[in-house]
Structure formats: structure tokens, C-alpha cells
1. Residue check, E190 against (1) modelled with pLDDT under 80; (2) surrounded by fewer than 19 Cβ atoms within 10 Å (Cβ to Cβ); (3) in a helix (DSSP H, G or I), all met but one. Which one?
2. Do we find a residue being within 23 Å of V162 (Cα to Cα) and among the aliphatic types (A, V, I, L, M) anywhere in the stretch 67-86?
3. Within the set of pairs 6 or more residues apart or between chains, which connect a residue that is on the phi > 0 side of the Ramachandran plot and exposed (fewer than 14 other Cβ atoms within 10 Å of the Cβ) inside the stretch 10-23 to a residue that is modelled with pLDDT of 95 or more and hydrophobic (A, V, I, L, M, F, W, C) with Cβ atoms less than 9 Å apart?
4. Please verify whether W83 is assigned to a helix (DSSP H, G or I), among the aromatic types (F, W, Y) and touching a residue at least 60 places away in the same chain (Cβ under 8 Å), treating the condition exactly as stated.
5. Just give me the residues in the stretch 133-153 being assigned to a helix (DSSP H, G or I) and among the aliphatic types (A, V, I, L, M), in sequence order.
6. Any residue in the stretch 55-69 that is under 30 Å from F20 (Cβ atoms) and in a loop (DSSP other than H, G, I, E, B)?
7. Can you pull out every residue in the stretch 24-40 that is among the hydrophobic types (A, V, I, L, M, F, W, C), more than 21 Å from R111 (Cα to Cα) and either in contact with a Cys (Cβ under 9 Å, 6 or more places away or on another chain) or open to solvent by less than 50 Å² (accessible area, probe 1.4 Å) (or both)?
Amino acid sequence: MLSLIKLPRVFTIHQVPKVFHEDSIISGYRHPRSSATDCILSLFQLTNETLNIWTHFLPTWYFLWKLLTVVLMRDVWSDSFTWPLLVFLMSCCVYPLASSCAHTFSTMSTRARHICFFFDYGALSLYSLGSAITYSAYVIPDKWVNSSFHQYYIPIAVVNTVICTTLACYSRLGLPYIQYNHHIIKRFSECKSPKFGKFLRILAFALPYLFDNIPLFYRLFLCVGDGCTDNDTNALHHTHIALAFLTAFLFATHLPERLAPGSFDYIGQSAWSIWKGFLFDSFQNDLSLYCARLVVIQWILINTGLTLVVRHM
């Protein structure tokens, strides 16, 4: 049956417009005016996006399974302490699904490419916000609970989500109605200074991550004495941080394809490695937060004798 379906043709970097070029990727490009059908069919042929798309799409179902497990196995409506974990798992479902759709349909047109990645950036920011909400409930050091930082932590994370999504979108097109409009797209930042556009995107992703992890960094590397929440989940958090910084390094350097252009067009390119690292980081974060939740429950029961109540959210 599949042999009767004509798969779309793939192209080299010299056959597609510059807006579709990827750093040090020479071949495996899809047609820059693909139809929606062609985009879906391309999932079943080897292009420079195939593994990238599938490594986004399949983990969505893992996180959806985790979400449904929590919903079905626990009385989530009355157990408010589970709500932050649900928010985090929902964000884990949204961002890989949005990213897989963005990469799948990004070759329909130049405009579609930008719109797709705008949704991708927004989904990543939502994941960052979901992480902040769970950190506020399960990870923040005991000595910071109910502090001014704790009270303003989530509102600042919300502001970061809006600002960083806007900054990432600006890095592609610039300002609406000023640097681009409905009739013509002038890719302001990337067109005039690709490195500046890349820097803005790195900043947009790094800023919320660094802010969200302030409680975790303090807890792991600076906090000493009573109220430092030293428990078995710290080892998981160390792994999570290491994977996050590895992902950032690959995103910034475009390794390994920069060392051998054309050799990693289909397998092993940094875009695929980045998302594999990001998703492994999410798996690790999911595990560490789940364990942290159990530890906090135990702490509440031992120290207060109360039933499950969110710890000063």
C-alpha cells in the first residue's frame, strides 16, 4: 500500500530559499511550498527533519500516559497538592506536541514557517512556567517558604513567559507593522544579523530557565544548615541540571554538524540531539519532581500531621 504512495522529493541547501537553511545541514530539505499532505507524508521518508519530528511526537504520549495515570489513580479534585504536578505534566504534553507540529508543517511557506515556530516558542515558555509552578510547591528550600521571593516567584515567572516568548518571536521577524507586515516579510534580526537573532533566542530560552531554577541552584549549591531540604531527590536534580546545560551547549554550538557539514544531515545533528537532551531532561525533571512531591508529603505528615495541602503556594 505504502509503495503506491509517491513520497515528496527532497532537496539540497542550494535548491531552497535561505529562510529554510539550517546551519551546516546540506541535504534532506523538503519543498519550501509543500502541501499539508506532503508534510505528513514526509514523516515516513528520511529527511533532515524526520527524526527530529518523531523524537518530539512520541514522548508526547509518554507524558500523556503519565498525566492520565495521575488523574485516574488519585483523587485530583480534592488533592490540591497534586495540582502543580498536573500543571507540569500538561506542559510536558504541550511542548513536544507543538514542536513536532511546528517542524512537520514549517515547510508549507515562509509565513507558515514563522507562525509554526512562534507556537513552538510559546509552548516552550509554557513548559518553563509549568516547571516554576511545581518548583514553588515541591522544590523551594524550607527556609524560603512564605518569603517575599516565594510570594513573587510565580508572578515573575508569568511575566518571563510573556517577555521571553515575545523576544524569541522578535528574533525571527522583528517588530510587527514596523519591520514586517502582511504583504512582505523582512526577517529583520536574522536577515541582517543571524548571530544576533540566535543570541536573542538563546537569551529567551536561558532567562526563564535560570530564574525558575534559582530555588534549585540555591538548594543544591549554596544552602547549608537547617532548612536546606537535603534529601534523596538532589541527585536527580543534579542530573537534570547537567542535561539542561548540555542541551544549551548543543543549541549554541551546532555540534557535531559544524565539524563535518553534510555528514549529520539525517542522523546525529544538533537539532535532534538538542531535543533528545531536552526530553531526557524533562523525563529526569518529571522523576525528580515526583520524588520531591513524595518527600514534601512525608515532611508535612511528620512535622504538622496535616493531610495533603499545597505548601504555601
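1. (2)
2. Pass one, the stretch 67-86, residues within 23 Å of V162 (Cα to Cα): 83-86.
Subsequent filtering for residues that are among the aliphatic types (A, V, I, L, M) retains 85-86.
Yes, that holds for at least one residue.
3. Close Cβ pairs satisfying both conditions: none exist.
4. Yes, satisfied.
5. I133, A137, V139 - these are the residues of the stretch 133-153 that are assigned to a helix (DSSP H, G or I) and among the aliphatic types (A, V, I, L, M).
6. For the stretch 55-69, residues under 30 Å from F20 (Cβ atoms) and in a loop (DSSP other than H, G, I, E, B): absent.
7. Keep residues of the stretch 24-40 that are among the hydrophobic types (A, V, I, L, M, F, W, C), which gives 25-26, 36, 39-40.
Subset that is more than 21 Å from R111 (Cα to Cα): 25-26.
Matches in the stretch 24-40: I25 only.
Rundown of residues vs (1) among the hydrophobic types (A, V, I, L, M, F, W, C); (2) touching a Gly at 6+ places or on another chain (Cβ under 6 Å); (3) more than 24 Å from S34 (Cβ to Cβ), yes/no style:
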site: L86; (1), (2), (3): yes, no, yes
site: V94; (1), (2), (3): yes, no, yes
site: S100; (1), (2), (3): no, no, no
site: F105; (1), (2), (3): yes, no, no
site: M108; (1), (2), (3): yes, no, no
site: F118; (1), (2), (3): yes, no, no
site: G122; (1), (2), (3): no, no, no
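The values are calculated or read from the model by the stated rules, or taken from the named source; none is laboratory data. Computed from a predicted structure; not experimentally measured. All Cβ positions, glycine included, derive from the backbone under ideal geometry; neighbour counts span all protein chains shown. The protein model used for the area step is the full one, side chains on, heavy atoms only, and it has no ligands, DNA or RNA in it. Shrake-Rupley method; radii C 1.70, N 1.55, O 1.52, S 1.80 Å.
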